[in-house]
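Here is the structure we will look at, set down as structure tokens.
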Amino acid sequence: MVRKIKLVAIGSSTGGVEALAAILPKLKPPFPPIVIVQHIPAGFSRMFAERMNKESALTVKEGEDGEIIKPDCAYIAPGGLHMKLIKLNEVLQIKCFMAPHVHSCRPAVDILFHSVAELVGAASLGVILTGIGHDGAAGLLAMRKTGALTLGQDEASSAVYGMPRSAFECGAVMKQVPLEGMPLAITAIANNSK
């Protein structure tokens, strides 16, 4: 059965800026919306989004509260704020908000991934990239349990094999992929190819 992927959700931390910079410019329209949590200080997320927008065929921007997500766009969580998805009148929107840190992180990958599991489920693709700790593992597992497809960066290509390891060891990752193969793997799933 071919499924339609309506959303791609990506989580990353240490080494993630470089990993995202190796992935985003290689993704080409048409493409489902992408939502990203990268552990990054306030202020730097906007600069990173602007840089990625210049280098990418997709529109890359910092996510804004109340923004409706659209195809061919990637939304990076603002540094210092959590970001999740909400559904209003059957339309997916971004919610950015101040709340306690999760796993010592804000934004936290788990908050985004849990919202994707709840609202998009099997029509989503979850990707966990390089990073310290275990943020994102529980959320990615929740996504997988709803039928979502999931990828994790492999150990050899990770700057820090913490978050991908935690996600893999808890059963959240269906397939581990080296960074250089990640754009193709994401594109193949997003475009419903095998």
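Candidates K70, K84, K4: the one that is under 19 Å from A123 (Cα atoms) and in contact with a His (Cβ under 9 Å, 6 or more places away or on another chain) is K84. What number of residues within the range 57-75 are open to solvent by 40 Å² or more (accessible area, probe 1.4 Å) and either within 14 Å of the chain's Cα centre (by Cα) or without any contact (Cβ under 8 Å) to a residue 12 or more places away in the chain (or both)? The qualifying residues number 1.
Residues considered: E155, E169, E118. Of these, the only one that is among the acidic types (D, E) and either modelled with pLDDT under 95 or touching a Pro at 6+ places or on another chain (Cβ under 9 Å) (or both) is E155.
Within the bounds of the range 126-138, is there any residue that is more than 24 Å from P178 (Cα to Cα), touching a strand residue (DSSP E or B) at 6+ places or on another chain (Cβ under 7 Å), touching a residue at least 24 places away in the same chain (Cβ under 8 Å) and among the small types (G, A, S)? Among the residues of the range 126-138, not one is more than 24 Å from P178 (Cα to Cα), touching a strand residue (DSSP E or B) at 6+ places or on another chain (Cβ under 7 Å), touching a residue at least 24 places away in the same chain (Cβ under 8 Å) and among the small types (G, A, S), which makes the answer no.
The set of residues in the range 162-183 being without any contact (Cβ under 8 Å) to a residue 60 or more places away in the chain, in contact with a strand residue (DSSP E or B) (Cβ under 9 Å, 6 or more places away or on another chain) and in a helix (DSSP H, G or I) consists of P164, R165, S166, A167, F168.
Only residues that are open to solvent by less than 50 Å² (accessible area, probe 1.4 Å), over 18 Å from I5 (Cβ atoms) and assigned to a helix (DSSP H, G or I): list them for the range 98-135, please. Within the range 98-135, V109, D110, I111 meet the criteria. When K54, K95 are screened for being surrounded by fewer than 20 Cβ atoms within 10 Å (Cβ to Cβ), basic (K, R) and in contact with a helix residue (DSSP H, G or I) (Cβ under 9 Å, 6 or more places away or on another chain), only K95 passes. Would you call A21 under 15 Å from V127 (Cβ atoms), of a type outside the set (V, I, T) and open to solvent by less than 10 Å² (accessible area, probe 1.4 Å)? In short, no. All but one of (1) within 18 Å of T14 (Cα to Cα); (2) open to solvent by 60 Å² or more (accessible area, probe 1.4 Å); (3) part of a helix (DSSP H, G or I); (4) out of contact with any Gly (no Cβ under 6 Å at 6 or more places or on another chain) hold for A156; which doesn't? Failed condition: (3).
The values are calculated or read from the model by the stated rules, or taken from the named source; none is laboratory data. Every value quoted in this text rests on a predicted model; they were computed, and no experiment measured them. Reconstructed Cβ throughout: ideal geometry from the backbone, glycine too, with neighbour counts over all protein chains shown. SASA here: full protein model, heavy atoms, side chains in, ligands and nucleic acids out. Shrake-Rupley method; radii C 1.70, N 1.55, O 1.52, S 1.80 Å.
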